[in-house]
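What follows is a single structure, written as structure tokens, with notes after it.
The values are calculated or read from the model by the stated rules, or taken from the named source; none is laboratory data. The structure displayed is predicted, hence computed values, not measured ones. Every residue, glycine among them, receives a Cβ derived from its backbone with ideal geometry; neighbour counts consider all protein chains shown.
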Amino acid sequence: MNFSKSKIVKNITNTSDLSSGEAANILESFLLLIKNKSKIRTVKLSGFGSFTFKKTPKRLGRNPKTDDSYIIPELNKLNFKPSNKIKEKIN
């Protein structure tokens, strides 16, 4: 099941007394906080999981249509590891 930001904002407004604009601001602030803080160190949300940035090394890529090779540069990826409580609810 996919969640968009608008669905999350709608759910927040339905379960609280916040307006959709306030809920959208809270959601954006929360996501920005996770992105910025996880660049420095691991961000752990108790009972939910942890967010960290992970560097992927540069590697050789290939276009399957033309067989052209190129180098994929080193990238930073935001990695999420769910907590055991979340894993138990899913499985």
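Of all residues in region 55-91, those that are aliphatic (A, V, I, L, M) and within 25 Å of residue 36 (Cβ to Cβ) total 3. Only a single criterion out of (1) surrounded by 11 or more Cβ atoms within 10 Å (Cβ to Cβ); (2) under 12 Å from the mean Cα position of the chain (by Cα) is not satisfied by residue 44, namely (2).
Here is a list: 55, 44. Which entry is modelled with pLDDT of 90 or more, outside any helix (DSSP H, G or I) and touching an Asp or Glu at 6+ places or on another chain (Cβ under 9 Å)? Unique residue meeting the criteria: 55. Where the second residue is of a type in the set (Val, Ile, Thr) and the first is on the phi > 0 side of the Ramachandran plot and lies in region 49-63, which pairs have Cβ atoms under 7 Å and are six or more apart or on separate chains? Pairs found: 49/86.
Within region 58-91, the set of residues being surrounded by 10 or more Cβ atoms within 10 Å (Cβ to Cβ) and either in the same structural domain as residue 34 (by TED's automatic domain parsing) or assigned to a helix (DSSP H, G or I) (or both) comprises 85, 86, 87.
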